[in-house]
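Below: the structure, in structure tokens.
None of the figures in this text is laboratory data; all of them are computed from the coordinates on show. Please read all numbers here as calculations on a predicted model, not as lab measurements. A quick note on method: Cβ atoms are made from the backbone with ideal geometry, for glycine too, and the neighbour counts reach across all protein chains shown.
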Amino acid sequence: MDNNKPKMRSQEWFGRFDTLGFTHRSWMKNQGYPDHVFDGRPVIGICNTWSELTPCNGHFRILAEFVRRGVYEAGGLPLEFPAMSLGEILMRPTTMLFRNLASMEIEELIRANPLDGVVLLTGCDKTTPSCLMGAASVDLPTIVVNGGPMLNGKFRGRDIGSGTDVWRLSDDLRVGAITMDDYLEAESCMSRSDGHCMTMGTASTMACMVEALGLTLPGAAAIPAADSRRRKLAQLSGQRIVEMVKEDLRLSHILTRPALENAIKINAAVGGSTNFVLHLLAIAGRLGIDLTLDDFDQLGSRMPLLVNLMPSGEFLMEDFFYAGGLPAVIRELHAHLHQDAITVNGQTIAQNTENAPNYNAEVIAALDKPFQVDVGLTVLRGNLCEQGAIIKPSAATPKLLRHRGRAVVFSDYEDYEARIDLPDLDVDPDCILVLQNVGPKGYPGMPEVGNFHLPKKLLAQGVTDMIRISDARMSGTAFGTVVLHTAPEAAIGGTLALVQDGDIIELDVPGRRLHLEVSDEELVRRRAAWQPRPPHSERGYVSLYLEHVQQADQGVDFDFLVGKSGAAVAHGNH
Ligand code: FES
């Protein structure tokens, strides 16, 4: 026994010579492991969110093999385990309903097993925050290997982007601008390789977030899933996690307040998804870092947009990779960042990016020539959102960012679907569309319906955008002048629940104001008459969710999951 070797946590399982030690080793040996793998080497968990129901993570079995190679090379023992995989495209009513459930599972799996370090394989939107939230509550050395974006969609000679072009193509089909055959052909042209959505949607935003936080090796976010360098990255990450365990470089050493502030600024500069706000708030809550909605506005809203990617711009993640990827953006932003924030490779974020080249100024702008200025997420306040609401100005129509209009109200998504295309709907392009009861408790699960379609009759007139307000989220691939995450939500009696057809609403994004022009006395009267709806479920997970989920300004985490419990386990395995 080498007394200079740091004692591994896994040795509490494998390093004992009693009935427990016998059982821990013996049953593992049925997989063919020889004695020496239990000699105190780092045991690395590979947390795999692979699933055939999550096509964006469909290549993760291969990726895990490359992580495994790296762990073995560095003298560790890799042990892969499956974790709840949240497939954005198929799960109903919305994966957000299950993000906290997945995080609970991942937290308990990491803590309960003989692991010294963890590699998180993440890709499709919620698989990243759920893994990180769970891992943060345990706080072992942790590295993220993201799965990478799909190759650019290609349809009849032009690039099409995941999600972003779905809305456009669907609107084209609704008004007869394309045929059903065109529509079906576009489906296979859009998703033509392994990987997650290749716009700067939520998955790409999360990939940039983990790189900005210092949780991946440099350059990880943009490498396409189909590029062989993605596998190389997985292998190198497998090597590195073994060293991180030996250095005891834990998640909480990297995820500090300065790292979170860096991520907010970098997210603004890449034009990241609004979902970033919810997930980073929840991650901060697990770490005990006091982060509020206002931090996103103060730190991010004045940042310049340096990346020209859909939905805010023209290009896609594959182009971003060839242009230099996130390191080129971070290098431009050095003056704005906490440059000494440490990352998983032991270097600072500034050291990792000091020589990062930018190969294409059409895709990645220089700091002094941004694509847009002051376009980070903006936090709105007012009587319609006492706990805040957000808007993404870079995806909005500039002339609508200051606007007063007449409310057209839909009481829930079913009401919206039933009435939005009625020929006699009393609506004009200056109206403000309001959708109630689609928040964390209202739907439940806060679905991505905030960018709901415009009335067909206005689309046919050539109207392309209107202000929409709801307590829902919006897909990161979507666009429009859309106010989201309104809190408190309608389902718990927020002012949003009290808006009626014909009320006047004022949106003033530069002034950060969202105001319902209804007198306080009238609001008191309406509030007294308001009745909550019956709960969606009184059993199972959904009832637990409804009882404990917090509002959007707190990251929609469960109240009892905030904070961390560390890696200690009170009892042996009995
Ligand atoms: Fe999985 Fe978009 S659907 S990343």
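If you take the square roots of the eigenvalues of the alpha-carbon gyration tensor of the stretch 102-172 and sort them as a ≥ b ≥ c, do you get rounded (a/c under 1.5), prolate (a/b over b/c) or oblate? Prolate is the answer for the stretch 102-172, as a/c is 1.5 or above and a/b outweighs b/c. Taking 31 Å as the limit for the C-alpha separation, the pairs Lys154/Lys441; Lys154/Lys392; Lys441/Lys564; Lys154/Lys456 exceed it in the case of Lys154/Lys441.
Note on Lys265: aspartates and glutamates with a C-alpha under 18 Å away, same-chain residues under 8 apart excluded, are Glu211, Asp290, Asp294, Asp295, Asp297, Glu332, Asp340, Glu354, Asp368, Asp374. Going by a ≥ b ≥ c, the root eigenvalues of the Cα gyration tensor, does the stretch 208-300 fall in the rounded group (a/c under 1.5), the prolate group (a/b larger than b/c) or the oblate group? Oblate, because a/c is 1.5 or more while a/b does not exceed b/c. Taking 4.7 Å between C-beta atoms as the pairing limit, the chain has these partnerless cysteines: Cys47, Cys131, Cys189, Cys197, Cys208, Cys385, Cys431.
Multiplying the residue separation of Leu546 and Ser170 by 0.36 nm and removing their Cα-Cα distance gives an extension gain of 132.1 nm.
Bridging of Lys457 to lysines at a Cα separation below 25 Å is possible for Lys399, once same-chain residues fewer than 8 apart are set aside. Length available on full extension from Asp428 to Gln347: 0.36 nm per residue minus the Cα-Cα distance, which gives 23.6 nm. Over all orientations, the stretch 341-472 has a Cα convex hull whose mean projected area works out to 12.4 square nanometres.
Rounded to whole numbers, the Karplus 3J(HN,Hα) couplings from phi for the stretch 352-368 are 5, 10, 5, 10, 5, x, 10, 8, 8, 6, 6, 9, 10, 8, 6, 4, 8 Hz, using 6.51 cos²θ - 1.76 cosθ + 1.60 with θ = phi - 60°, and x at Gly and Pro. Multiplying the residue separation of Trp27 and His338 by 0.36 nm and subtracting their alpha-carbon distance yields 107.2 nm. Placing a label point 7 Å from the Cα of Ser228 along the Cα-to-Cβ line, the residues of the stretch 60-76 whose backbone N sits under 18 Å from it are 62-67, 69-70. Listed by chain and number, the lysines whose C-alpha is less than 21 Å from the C-alpha of Lys7, apart from same-chain residues fewer than 8 away, are Lys246.
Rounded, prolate or oblate: which fits the chain when a ≥ b ≥ c are the square roots of the eigenvalues of the alpha-carbon gyration tensor, with rounded for a/c under 1.5 and prolate only if a/b beats b/c? Taking the square roots of the gyration eigenvalues as a ≥ b ≥ c, the chain is prolate.
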